[in-house]
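These notes are about the structure you will find just below.
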Amino acid sequence: TGDKDFVAILVDLLNNDEPQSVILHGDCWNSNFLFKYEDDDTEHENCTKVALLDFQMSSINSPVFDLSQFIYSCTSEDGLSQFDLMLDFYYDHFANYLLELGTDPSVFTRSDLTAHWKKYAIYGALLCPMILMFVLVDKNNTPEFDKDNYQDVLNTSVQKDEYRSRVVAVARHFVEHFEAL
């Protein structure tokens, strides 16, 4: 990466000719998911359905773009310790959907997913600090978000200790798994 800035790195990642591509959501974090819970589940522990919302950033690329963005922006430090299980869970469901669609899962193997993670997970790691600013904003001090007050939203106070802890955990996880995979 050398002298490249944040935006240049993201643009280079997105402008590739990855032959093993899927349709991506493009903005894959918890605010773009709609969850349905069991009627008596006041603690929101038993999700029965999930739907994706807001497809304005959809594109075609490696599944790791959405996966890394989701894992790094929506998973706690404790959750990151279950990373291998998450990748296995993801791949098993991905392979089952390929079969349902009449495609042999060998077109994108678990080894391919690992190789893609090494190559593209930096995308989610780089976006994580910005996304966490929205995820961890002080709920009592949240301005309305629109194109004219973007800077106000960025200057809104976040839960600083939690923010710092999560960003450090993601950075540590990325470095450890980038080398380990």
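The values are calculated or read from the model by the stated rules, or taken from the named source; none is laboratory data. In this text, all values refer to a predicted model and were calculated from it rather than measured experimentally. Methodologically, a virtual Cβ is constructed for each residue, glycine included, from the backbone with ideal geometry; neighbour enumeration extends over all protein chains shown.
Odds and ends about this structure:
- Out of Gln82, Gln69, Gln56, sole residue that is in contact with a helix residue (DSSP H, G or I) (Cβ under 6 Å, 6 or more places away or on another chain) and among the polar types (S, T, N, Q): Gln69
- Residue list for the stretch 14-30, restricted to those being within 27 Å of Ala51 (Cβ to Cβ) and of a type outside the set (S, T, N, Q): Leu14, Glu18, Val22, Ile23, Leu24, His25, Gly26, Asp27, Cys28, Trp29
- Failed condition for Asn96, given (1) assigned to a helix (DSSP H, G or I); (2) closer than 30 Å to Val168 by Cβ: (2)
- Of all the listed residues (Ser81, Ser31), the sole one being surrounded by 12 or more Cβ atoms within 10 Å (Cβ to Cβ), small (Gly, Ala, Ser) and over 25 Å from Thr114 (Cα atoms) is Ser31.
- The stretch 103-143, subset in a loop (DSSP other than H, G, I, E, B) and at pLDDT 90 or above, residue nearest to His177 (Cα to Cα): Ala121
- Counted as qualifying within the stretch 12-65 are no strands (runs of 3 or more DSSP E), as none has 2 or more residues that are among the basic types (Lys, Arg).
- Residue under evaluation Asp54, criteria (1) touching a Lys or Arg at 6+ places or on another chain (Cβ under 6 Å); (2) at positive phi, criterion not met: (1)
- Every residue from the stretch 58-78 that is in contact with a Leu (Cβ under 9 Å, 6 or more places away or on another chain) and surrounded by 14 or more Cβ atoms within 10 Å (Cβ to Cβ): Asn61, Ser62, Pro63, Val64, Phe65, Asp66, Leu67, Ser68, Gln69, Ile71, Tyr72, Ser73
- Filtered residues of the stretch 72-90 (kept if within 12 Å of the chain's Cα centre (by Cα) and outside any helix (DSSP H, G or I)): Thr75
- Among the residues examined, Val50 does not qualify as among the hydrophobic types (A, V, I, L, M, F, W, C), out of contact with any Gly (no Cβ under 7 Å at 6 or more places or on another chain), at pLDDT 90 or above and surrounded by 14 or more Cβ atoms within 10 Å (Cβ to Cβ).
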